[in-house]
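One structure is given here, and the rest of the page talks about it.
The values are calculated or read from the model by the stated rules, or taken from the named source; none is laboratory data. Owing to the predicted nature of the structure, the values given are computational and were not obtained by experimental measurement. Cβ placement follows ideal geometry from the backbone for every residue including glycine, while neighbour counts extend to all protein chains displayed.
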Amino acid sequence: MAQAAQSKDNEMAQLFIASLLFLWVIISMGPLALLAALLSTAILLMIGANAAIAASAAIVAALCGMAVHHDLLAWVSVPVSESWRFYGAAFPGGLPSLLLEAGSFERGMEVIGKSVLYWFKTPMIWAQNAPLGIFAGSAGYAAFEAWRGGPLGLLKRRRYKNITHKSVGALQAALGNGKDADTKDGTVIGTDSYARAVTLSDKMANQHTLVLGTTGAGKTVTVCNIVESAVNRQLPVIYIDGKGDYALAKRIETYAQSHGRKAHIFSMKDGSIAYNPLAVGGFTSKKDRIIELREWTEEHYKKLAEGYLQTVFKIMEQCGIACNLVSLSQHLDFKRLKALIREHEAHLPDAQALMDELLGQQEASEHISSVIAEIRNFTASEIGALFKIEEGKETLTLQDILEKGEIAYFCLPALEFPSMAQTLGRLIINDLKATMAQQLTTGGPKKLYAIFDEFSVFAGEQVLNVINMGRSAGIHAVLSTQSLSDIASGRKENADHFINQVVGNCNNFILHRQNSADDAEKLASIIGTTNQLEYTAQVSQAGPTHMGTVRRTRGFIAHPDEIKALQTGEAFFFTKERNRISKMKARMSRI
């Protein structure tokens, strides 16, 4: 114990001596050189310079000083001697008069103020003092970075700094909330502990973003910042809400209208707009949209359904029948399709070939009754009327949203109708895929923010296809749900594989509080590890021996316990593009 106390006393003495030396250097440099030192240090800090860059800046400053003064040492001696003459003129009686003589301090500060003002206005004095200041700031920064990157510096930091990531204080959060959500090419999603804006650029967002957080942790607020930025920048938004938050839908609509943007809400509430998920694409594309609404266990029956539905869409197209879910459900019957061909026989380019194709699908029509029943049940449900397209009635299509830069909000009734919400979510995603594919063939990619909120409600292969192939089409996908476990909720097989596919296709992660220890550890593993120091101590029967070892190990960059301890609104933001993590406080969206 005595050795430990003596060691601590030695450290305190060294710190005291170093502080006195540092204070003496600052006083000796004078105000202009000190200001130059502070500015150079701030610039090096902002650009994240390493020790080599800072040392190079110090060398350049020294050479410039020699050139200005035409002497090897005058660039140091002249500012220092001028500073002491400056202090002598302000306090002619020295330190005793400053401490004992009444009014000495006030008179001295008045002289200093006038002199400093004159110095600031004189470029030559700046030229004489600035090299020393820049040299001191750069050299000090270089020395600190060299110490910080060395084993001793790392040892000291790990010894005295137990918390890796600082919390964001109220002042920093308030400064962040005062910023606009939009930047020139991205979104301000939060503020870090240094009051710096944490941004998600469009380039990063095109690599897709996974937002995780337990109920009440703040993930919806984070997502709203992305929507707010897109609205401000005239970008189209498709928001698929698996939790059915109608109040949020109305807030987004109000915000969009206040910025001259049109928002469409599709929900079970009164006044919902109609929606046509079969508005674009050819008959093969439309067939795929319907086939992918369900998980097929038998490939044979899937092929039968594909062939029959493709024929149905082809007949409707050639007979001029407007294609939507309601009209589809009305033309699924085999006998009705035969009658339809005969009715339009005179106008069809090859009616007999079309009839032969239909007759070839007769056996298939008898084996896919479950698919036909599912489509009809869907259009006959409480929201079935919302898929009925009538002349003069406003109808939502994703193609219009993309072309006009508008906002579409799909409020899915997940709690009331879980099965229907899942089917509808998948149908919207299939429509999104087809719309973006057509966009690529006609006008090239266009930025589109696609928000999948509580996407575990409708998660399936469709989502994977969107995030796999959506980058080239301009889709900026944001997947939001409570936890990794929820991603594969309800999947009986390959749940872990599905989670890995989703995670593997996202390059950005916004991690709010997690309650599950397993999920927190998985997320910490996604962020990765870094070099750390591990300490061991030797203990005898008499007590500590003050001996031990230090070795390098790998430790979590963001520890699972830190993820579980995040406060409401706090999050870790990690992007693979920069391989950097920030602990942030989510910006309070104005939506």
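Residue 332 meets the conditions (1) without any contact (Cβ under 8 Å) to a residue 60 or more places away in the chain; (2) assigned to a helix (DSSP H, G or I); (3) not small (Gly, Ala, Ser) in every case but one. The failed one is (2).
The C-beta contact set for segment 472-483 (first residue among the basic types (Lys, Arg), second residue surrounded by fewer than 24 Cβ atoms within 10 Å (Cβ to Cβ), distance under 6 angstrom, 6+ apart or interchain) is empty. Residues considered: 412, 398, 340, 332. Of these, the only one that is under 25 Å from residue 238 (Cβ atoms) and at pLDDT 90 or above is 398.
Please verify whether segment 387-399 includes one or more residues that are surrounded by fewer than 17 Cβ atoms within 10 Å (Cβ to Cβ), touching a helix residue (DSSP H, G or I) at 6+ places or on another chain (Cβ under 7 Å), outside any helix (DSSP H, G or I) and not assigned by TED's automatic domain parsing to the domain that holds residue 298. The answer is yes, given that some residue of segment 387-399 is surrounded by fewer than 17 Cβ atoms within 10 Å (Cβ to Cβ), touching a helix residue (DSSP H, G or I) at 6+ places or on another chain (Cβ under 7 Å), outside any helix (DSSP H, G or I) and not assigned by TED's automatic domain parsing to the domain that holds residue 298.
If you check 189, 252 for being assigned by TED's automatic domain parsing to the domain that holds residue 526 and in contact with a Ser or Thr (Cβ under 9 Å, 6 or more places away or on another chain), only one passes: 189.
Can residue 523 be described as in a helix (DSSP H, G or I), in the same structural domain as residue 192 (by TED's automatic domain parsing) and crowded, with 18+ Cβ neighbours inside 10 Å?
Taking the combined requirement at face value, the residue satisfies it.
Out of 250, 243, 219, one residue alone is of a type in the set (Lys, Arg), surrounded by fewer than 22 Cβ atoms within 10 Å (Cβ to Cβ) and either touching a helix residue (DSSP H, G or I) at 6+ places or on another chain (Cβ under 6 Å) or in contact (Cβ under 8 Å) with a residue 40 or more places away in the chain (or both). It is 243. Just name the residue that is nearest to residue 431 (Cα to Cα) out of those in segment 466-514 that are at pLDDT 90 or above and part of a loop (DSSP other than H, G, I, E, B). By that ranking, first place goes to 506. Considering every residue within segment 313-331, establish whether at least one is among the acidic types (Asp, Glu), closer than 24 Å to residue 390 by Cβ and in contact with a helix residue (DSSP H, G or I) (Cβ under 7 Å, 6 or more places away or on another chain). Within segment 313-331, one or more residues are among the acidic types (Asp, Glu), closer than 24 Å to residue 390 by Cβ and in contact with a helix residue (DSSP H, G or I) (Cβ under 7 Å, 6 or more places away or on another chain). Taking the numbered list (1) in contact (Cβ under 8 Å) with a residue 12 or more places away in the chain; (2) under 43 Å from the mean Cα position of the chain (by Cα); (3) more than 17 Å from residue 427 (Cα to Cα) in turn, residue 265 passes all entries but (3).
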